[in-house]
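As structure tokens, the structure follows; a few thoughts come after it.
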Amino acid sequence: MGKDRSQWPWARFPFTATRRQLLTRDFTLVWWGQIVAQVGDGVSKLALLWFVYSVTGSPLKTSIIGVLQTIPSIALAPVIGVAVDRLPKKTLLITSDLIRAVVIGLIPCWISGETFTVEYLYILVMLHAIATAVFGPALTAAIPSLVTPAQYTSANALLQSTTSLGIIMGPALSGIGIALLSSKEVLCLNAATYVISAACFLPIRLARPTENLAHGPVVLSAMRDIYEGLRYVVTRQPLFMFLTAIAAMYTFGTAAFTTLFPVFGRTMLDLGPIEVGYLWSMLGVGLLIVSLALTSISSWTVRRRIWIVAFSSAVSGAALFGLVWVRHPVATGALLSLLGAGIGTLTPIAWGVMQELTPPNLLGRTLAFYSLGAMGAAMGGITFFGWLTERFDASTTITAIGAVMILTAVMAGLLAWYLRETPMHAKLKLSPSHATIVEH
């Protein structure tokens, strides 16, 4: 008799030739839509940064792109959390995609080259960031409607794999497009990716909001909802406060590195847009590998998952220190792949923990408060390290970001130790029941 194939190592991987789907049918549709959208994001991100730096020659002005992309997630986080909890997530997702298609794709096509200035681009980036600030929490909060609780971390990791594929393919395609066409024309081609993403959401079914909008004045109702979410995070789940602090330290460094990466490539390695695009793609290779690896740890205890965050953050710090001394493109690509693997663990694990422990009617607000801390730190990191690069040099900045990642590893290690020393970890594998009512 042959060996039972269900016992083979690859039988646990979420996609097989016999199943022909990722986790569930609806999640598979979302995943394919996000692959297209993330490739478009990878194309547009390098085009945006390269356009600003080529026009201004200023690392600080280039970093403003990253700042503008984080402001809505900070300023609007509490309101977005309420909207995600109270409004149909399917509508929010489709609307956000269509808005992004217009502001970052179609509008650059309509503006003549003479008037398409950096200032106009800043305005479009801000509008795009508002739509993205709604889309991210809505998609993450929709995960419990798409998969079972045991699949949360796997689903988050698979969604992150679309980001990694976007990083692998997007910058390389963008670099070629910039060299052959222009940054403006590359942005114009990006509108179709968001339209395809929106179309993939049309046939799926998502859980309806578990509560109707509260009666009374809109402002007072929203304030009550915000207070309820904040009280839950602070008093009911102190673990989320620790996770948010770790995420804040993590994004303080990583957001600055990804925003300023074209500057590093141009000043440290004297590379053009095509070479920078290829190196940026290597970051995505590492991110893809670790994303696929994380699909197998959904059943692990929270403490074990936090240890992974600590180890991977330390690896990221070591890779950044290595980038200061390495100048050969092949060695640089290898270190960037290692860095991508190192920075790819926190988000799927943190989101999975919050999805497991948060009631469905509070998940949007919980994710919004997490995003508030993480994105606030990201904006601070982008601004600080942009100034540091302009004041000193790129090597100093990369060394400082490496030190930040080592500190992140220490914080995650302390949290894992705390979970061992307290009875809290005994309750962390419990998952709340989720609503089964669906919207069409």
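Read-outs throughout are calculated quantities, based only on the coordinates presented, and are distinct from any laboratory measurement. Computed from a prediction, not measured in an experiment: that's the story for all the values here. Counting neighbours? That spans all protein chains shown, and the Cβs are built from the backbone with ideal geometry, glycine included.
Data table
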quantity	calculated
Amide proton proximity set for Leu206, modelled H, under 5 Å, gap of 5+	Glu439
The range 342-403, Cα convex hull volume normalised per residue, Å³	80
Euclidean distance between Cα centres, the range 254-321 to the range 361-383, Å	20
Neighbour-limited loop hits for trypsin sites (Lys or Arg not before Pro), the range 324-430 (at most 11 other Cβ within 10 Å; DSSP other than H, G, I, E, B)	Arg327
Extension gain (nm, one decimal) between Ala179 and Glu275, 0.36 nm per residue minus Cα-Cα	33.5 nm
R0 of 30 Å, Cβ-Cβ distance Arg25-Ala75: FRET efficiency to nearest 0.05	0.25
Total formal charge among the other residues, if their Cβ is under 15 angstrom from that of Ile35, Lys/Arg +1 and Asp/Glu -1	-2
Kirkwood hydrodynamic radius of the range 22-439, from inverse mean 1/r over distinct Cα pairs, in Å	21.5
Spin-label proximity, Ser221 to the range 57-101 - amide N less than 12 Å from point 7 Å beyond Cα toward beta carbon	83, 86-87
Among 318-324, 260-266, the order from most to least packed when residues are scored by Cβ within 10 Å on average	260-266, 318-324
Full-stretch length increase - Ser58, Asn361 - with 0.36 nm per residue and alpha-carbon distance subtracted	104.6 nm
Counted charge near Tyr53, where neighbours are those whose Cβ lies closer than 10 Å (Asp, Glu -1; Lys, Arg +1)	+2
Number of Lys pairs (Cα under 28 Å; 8 or more positions apart or on different chains) in the range 22-439	6
